[in-house]
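A.B. asks: Pasting a structure here, questions to come.
The values are calculated or read from the model by the stated rules, or taken from the named source; none is laboratory data. For clarity, every value in this text was computed on a predicted model and none was experimentally measured. We place every Cβ from the backbone using ideal geometry, glycine too, and count neighbours over all the protein chains shown. Protein only, heavy atoms only, side chains kept; ligands, DNA and RNA dropped before computing areas. Shrake-Rupley method; radii C 1.70, N 1.55, O 1.52, S 1.80 Å.
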Amino acid sequence: MITLDPQLQLGSLIENQFGDRYLFSVNRNNFEKIDYKTLFNKEFDKVFDQEDTMYIMIGTDSGLMVKKLIESPSKKGSAYVFIEFPEVIVKIQEEFDLSEQKRILVCTEENWEEQAEKIGLGIYSTLNKIVTVRSLAAQYYYLNEYVFLRQIIDDRINHINWGNQSVLGNKNFIETGLANVAENHTPAVVLEGYFKGKSALILAGGPSLDKYIDWIEENQEHYVVIAVSRIAKRLLQTNIKPDIFVSVDPFKVNFDVSKEIYNFENDSILVHEYHLNPQLLGNWLGVNFYLSEVFPWESKLNKPNLRGIGPTVTNTAILLGIQMGIKDQILLGVDLCYSPEGYTHAKGSKEYEAGPDVNSIGQTIITNSGEKAETNSAYYEGVPIIAEQAKAVKKFMGGKIINPSPDSVKIDNVEHILIDHIQVPNEKVTIKPLLEEYLNKNESSEYKVNHYKAVLKELNFAKNKVNKIQKLAKNCLDYNSKFFEGDNPEANFKFKLKMDKLEKELNLPKLKKFTEMAQKFGA
């Protein structure tokens, strides 16, 4: 929790020539020549114009921002949460009256989530309708602590948004998964336990990867080599041939940064989420195994399968290693933070060619060498998941996850062992038998045609159900409109009964799984 310097003297409220009362230690001379209302209107013009939005303000401008929003007409469905230091709140709490306010809160860093949840934080987050606003105090930060408060709140909101939206299921994932049903023909469960007791190298795109290229080339035949798809371009510049590429992102950018995987079609297997970018998946002519399920509804074609995990593709790669029975995993290029020079990816990547990222203020972490480094929200979210994965490897498999890079983020349960001290297994490991088996299977037209027929039958079945739901929903909307027409509620009550009847039909077993999917997709 961010606290103010105990030596700091906040002082008392002072008043300017316009009647604005404020703490000089917080806002200094901001309001000396211009009144707060004018400054607010200029600085925050149209910022608060959105309906159905939760605004989260960092700082209160000595309470003046709270007063201004109380006096302003609030937008329909919107809520306002101020986060301020408790020492400041004590000084300013008599400057505004929240007794009649149900949608305006003034909170501390410690209790803001609990308070905001009472007025719908989770719902606003799910709908991606949270807007963070920095007060003038947090913009000029005469108190340095506002910088750190802003950073912590931004990271926390990103975490909340990621959690709520990923649980709900992204519209893009559903749409992309349906576009891939023809390509999602072989479940990754065929890999379950396939390399039990073996060791693996997990190759990701962090800057430290470049330091270990020679070691990987020399020792790769003793490991199952699992690489994230985005480093394929970098690997073309080496003699490294991954056994498995892992890819999950549904967006087009994934094709742009990963298309070099096609150079490895004869030597590598592509393991991917069901919602992989269709362009990247559709052009792959080698062996591919999908994770999770073919359809976003309950179906006989959704066979027991391995699953991925977010928020990064590296998390999925590590989980795949666990599910394949790998005992020890060595993470190479899994930095999850920026390099000292500000780079986020290894040489040869588009991110490296774009130059160091020196503008973003992210979360500060500690590296294996004990140094501080910056990281972004996605990387930061991935750290505790890897910690749990490493804990599971140790507990259930008697193995370990190792990261030899001093510049990588320090993660609980992940051992930091320098590359020269790692004992390379004697036995050699190959994926060729499995690769050849499924290359032959893919070349069988009967195998693919049977899959296509089954998928087409399922899609037609689903289409009929969804059309039925659409018809019922349209009738419900019509009845809902009629229910509120005129001035005679008793006469309109019959439309409420009709809606209840239709709702029961929507929740019948024959429609329920598609009704739930439609609700999820709509949300």
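A.B. asks: Enumerate the aspartates and glutamates that Lys42 could reach by cross-link, defined here as Cα to Cα under 17 Å, with residues fewer than 8 away along the same chain left out.
C.D. replies: Candidates past the 8-residue exclusion: Asp20, Glu32, Asp61, Glu71.
A.B. asks: Mind putting together the pair-distance distribution for the range 377-523? All Cα pairs, 5 Å bins, whole percent per bin, short to long.
C.D. replies: Over the range 377-523, the share of Cα pairs per 5 Å bin runs 2, 7, 9, 9, 8, 6, 7, 10, 10, 9, 8, 6, 4, 3, 2, 1, 0 percent.
A.B. asks: Helix 509-522 versus the longest principal axis of the chain: what is the Cα-based angle in degrees, 0 to 90, to the nearest 10?
C.D. replies: Here the helix axis deviates by roughly 60 degrees.
A.B. asks: Also, quick follow-up: Students sometimes get this wrong: rank Cys476, Cys107 by accessible area, probe 1.4 Å, all chains present, largest first.
C.D. replies: Solvent-accessible surface, decreasing: Cys476, Cys107.
A.B. asks: Turning to a different aspect of this structure: If you fit an axis through the alpha-carbon atoms of helix 489-506 and take the longest principal axis of the Cα set of the chain, what angle between them do you get, 0 to 90°, nearest 10?
C.D. replies: On a 0 to 90 degree scale, this one is about 20.
A.B. asks: Oh, and also: Starting from 0 in steps of 10 Å, tell me what percent of the Cα-Cα pairs of the range 220-305 lands in each bin.
C.D. replies: P(r) over the range 220-305, rounded to whole percents: 18, 48, 26, 8, 1.
A.B. asks: P(r) of the range 168-282 in 5 Å steps, Cα pairs, percent per bin?
C.D. replies: Using 5 Å bins, I get a P(r) of 2, 11, 20, 22, 19, 14, 8, 3, 1 for the range 168-282.
A.B. asks: Okay, next question. Lys/Arg Cβ at +1, Asp/Glu Cβ at -1, dipole of the chain taken about the Cα centre: which of His159, Gly325, Ala491 is farthest positive-ward?
C.D. replies: Ala491
A.B. asks: Just check the range 7-127 against the gyration tensor rule for me: Cα atoms, a ≥ b ≥ c as the square roots of the eigenvalues, rounded for a/c under 1.5, and otherwise prolate or oblate depending on whether a/b exceeds b/c.
C.D. replies: oblate
A.B. asks: Do you know the relative contact order of the range 466-509, to the nearest whole percent, from alpha carbon pairs under 8 angstrom that are 6+ apart?
C.D. replies: RCO, the range 466-509: 39 percent.
A.B. asks: Sticking with this one: Based on a Kirkwood Rh over C-alpha pairs, give the Stokes-Einstein translational diffusion coefficient of the range 4-58 at 25 °C and viscosity 0.890 mPa s in µm²/s.
C.D. replies: 182
A.B. asks: Over all pairs of distinct alpha carbons, what does the Kirkwood formula give as the hydrodynamic radius of the chain, in Å?
C.D. replies: Computed over Cα pairs of the chain, the Kirkwood hydrodynamic radius comes out at 26.8 Å.
A.B. asks: For the range 186-342, what does the accessible surface come to per residue with a 1.4 Å probe? Please give it in Å².
C.D. replies: Ligands and nucleic acids excluded, the result is 34 Å² per residue.
A.B. asks: Please calculate the 1.4 Å probe accessible area of Val248, with all protein chains present, and give it to the nearest 10 Å².
C.D. replies: Accessible area of Val248: about 30 Å².
A.B. asks: How large is the accessible surface of Phe24 in square angstrom, using a 1.4 angstrom probe and rounding to the nearest 10?
C.D. replies: 90
A.B. asks: Quick one: how many lysine pairs does the range 45-204 have with C-alpha atoms less than 24 Å apart and a gap of 8 or more or different chains? Give me the count, please.
C.D. replies: 28
A.B. asks: To the nearest 20 debye, what charge dipole does the chain have about its Cα centre, counting +1 at the Cβ of each Lys and Arg and -1 at the Cβ of each Asp and Glu?
C.D. replies: 2360
A.B. asks: Still on this structure: Size of the range 427-479 along its principal axes in angstrom, Cα-based, largest extent first?
C.D. replies: 70, 29, 8
A.B. asks: Let me ask another. How high is the relative contact order of the chain, in percent, with contacts defined as C-alpha pairs under 8 Å that are six or more residues apart?
C.D. replies: 12
A.B. asks: A follow-up question, please. Could you work out the mean projected area of the convex hull around the alpha carbons of the range 46-198, in square nanometres to one decimal?
C.D. replies: For the Cα atoms of the range 46-198, the hull's average projected area reads 14.2 nm².
A.B. asks: With each run of n ≥ 4 DSSP H residues scored as -39500 (n - 2.57), what mean residue ellipticity at 222 nm is computed for the chain after dividing by its residue count and rounding to the nearest 500 deg cm²/dmol?
C.D. replies: Calculated mean residue ellipticity at 222 nm is -12500 deg cm²/dmol.
A.B. asks: For the range 70-137, what D do you get in µm² per second when you plug the Kirkwood radius from alpha-carbon pairs into Stokes-Einstein at 37 °C and 0.692 mPa s?
C.D. replies: The Stokes-Einstein estimate is 250 µm²/s.
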